[in-house]
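Chemist: Take a look at the following structure, please.
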Amino acid sequence: MYDQEFYAKYQQGSIQSAQVVVPMIINLIQPKSVIDVGCGVGTWLSAFENCGVNDYLGVDGEYVDEEMLMIPQAKYQAVNLEKPIHLNREFDLVMSLEVAEHLPANKAEEFVKTLTGLGPVIMFSAAIPYQGGTGHVNEQWPEYWQDYFHQYGYVVFDGIRAKIWHDKAVEPWYRQNILLYLREDCIDRYPEVKKEVEGKQSSPLALVHPETYLYNITNLA
């Protein structure tokens, strides 16, 4: 399912998206270490490396062609994403972008548990209903995932989407779906996030980007 053609199709858009978003995340979180759960060929991790973050790890399934990796093979680990991942360490930032929808619904809570066990801040993006895509078996609105994160003591921060909503260098699914989840007892570590959280009124998490809407309407017509 996830062959060379699949990754090549999305690689350039992923590279351009990461070049925009990663500096924003570094400004907010200032991570010294990053793990990408469902990293594909490591596009986003390579962007972090280009910004000076050298302590990182990418994990994904054995279906990834390691010859296509954009990161050193020593920084990649093949795992089964449907099973818990135990690495005996935490990372400053955990990422999982457009991955959770590929896992069965009965694995959703376990996947969130895995993410929360890897670090205090999670950059998370998952396909909404009818977003469409290869191998999507559990497309859900953000509140579905928010409930699971809340069970593990994480609160949502929606401070990225407004900054990238109109930026065509970023793929529309990232503009539509990227959220941060922070462990509640750690928010004071991130003054830029805390400042935005305290000054921001609550807004709906479930959003549909116009480009996603128009693409789906056109293809369903």
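The values are calculated or read from the model by the stated rules, or taken from the named source; none is laboratory data. Computed from a prediction, not measured in an experiment: that's the story for all the values here. Heads up, the Cβs are rebuilt from the backbone with ideal geometry, glycines too, and the neighbour counts pull from every protein chain shown.
Chemist: Scan region 86-95 for residues that are surrounded by 18 or more Cβ atoms within 10 Å (Cβ to Cβ) and either free of Cβ contacts under 8 Å to residues at least 40 places away in the same chain or within 21 Å of LYS107 (Cα to Cα) (or both) and report the count.
Modeler: Selection size over region 86-95: 2.
Chemist: Given the conditions (1) within 22 Å of THR116 (Cα to Cα); (2) touching a Phe, Trp or Tyr at 6+ places or on another chain (Cβ under 9 Å); (3) buried (at least 17 other Cβ atoms within 10 Å of the Cβ), and given that ILE164 satisfies all but one, which numbered condition is not satisfied?
Modeler: (1)
Chemist: I'd like the full set of residues that are touching a residue at least 12 places away in the same chain (Cβ under 8 Å) and either polar (S, T, N, Q) or assigned to a loop (DSSP other than H, G, I, E, B) (or both), limited to region 100-112.
Modeler: Step one: list which residues in region 100-112 are touching a residue at least 12 places away in the same chain (Cβ under 8 Å), which gives 100-105, 107-112.
Of everything in region 100-112, those that are touching a residue at least 12 places away in the same chain (Cβ under 8 Å) and either polar (S, T, N, Q) or assigned to a loop (DSSP other than H, G, I, E, B) (or both) turn out to be LEU103, PRO104.
Chemist: Moving on to the next point. What pairs can you find where one residue is in region 166-192 and closer than 16 Å to TRP44 by Cα, the other is aromatic (Phe, Trp, Tyr), and their Cβ atoms are less than 6 Å apart, with a gap of 6+ or different chains?
Modeler: Going by the 6 Å Cβ cut-off, the qualifying pairs are ARG175/TRP165; LEU179/PHE124; LEU180/PHE157.
For every residue, the table says whether it meets (1) aromatic (Phe, Trp, Tyr); (2) under 16 Å from the mean Cα position of the chain (by Cα); (3) part of a helix (DSSP H, G or I).
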| residue | (1), (2), (3) |
| --- | --- |
| THR114 | no, yes, yes |
| GLY119 | no, yes, no |
| ALA127 | no, yes, no |
| VAL137 | no, no, no |
| ALA162 | no, no, yes |
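Chemist: Still on this structure: Quick one: which of TYR144, TYR148 is out of contact with any Gly (no Cβ under 6 Å at 6 or more places or on another chain), outside any strand (DSSP E or B), closer than 27 Å to GLN30 by Cβ and of a type in the set (Ser, Thr, Tyr)? Quick ask: steps written out before the conclusion?
Modeler: Working: TYR144 fails: closer than 27 Å to GLN30 by Cβ.
The match here is TYR148.
Chemist: Would you tally the residues in region 52-81 being modelled with pLDDT of 95 or more, exposed (fewer than 14 other Cβ atoms within 10 Å of the Cβ) and on the phi < 0 side of the Ramachandran plot?
Modeler: Residues in region 52-81 being modelled with pLDDT of 95 or more, exposed (fewer than 14 other Cβ atoms within 10 Å of the Cβ) and on the phi < 0 side of the Ramachandran plot: 6 in total.
Chemist: Now, a different point. For residues in region 124-153 being loosely packed, with under 14 Cβ neighbours inside 10 Å and of a type in the set (S, T, N, Q), which is nearest to TRP173 (Cα to Cα)?
Modeler: Across region 124-153, the extreme among qualifying residues is THR134.
Chemist: What residue, of VAL197, VAL170, VAL156, is surrounded by 15 or more Cβ atoms within 10 Å (Cβ to Cβ) and part of a helix (DSSP H, G or I)? Before the answer, list the steps.
Modeler: Details: VAL170 fails: part of a helix (DSSP H, G or I); VAL156 fails: part of a helix (DSSP H, G or I).
Result of the check over VAL197, VAL170, VAL156: VAL197.
Chemist: Of the residues that sit in region 29-45 and are in a helix (DSSP H, G or I) and surrounded by 23 or more Cβ atoms within 10 Å (Cβ to Cβ), which one is nearest to the chain's Cα centre (by Cα)?
Modeler: Just the residues of region 29-45 that are in a helix (DSSP H, G or I), to begin with: 29, 43-45.
Now restrict to residues that are surrounded by 23 or more Cβ atoms within 10 Å (Cβ to Cβ): 43-45.
Values: THR43: 12, TRP44: 10, LEU45: 11 Å.
Among them, the one singled out is TRP44.
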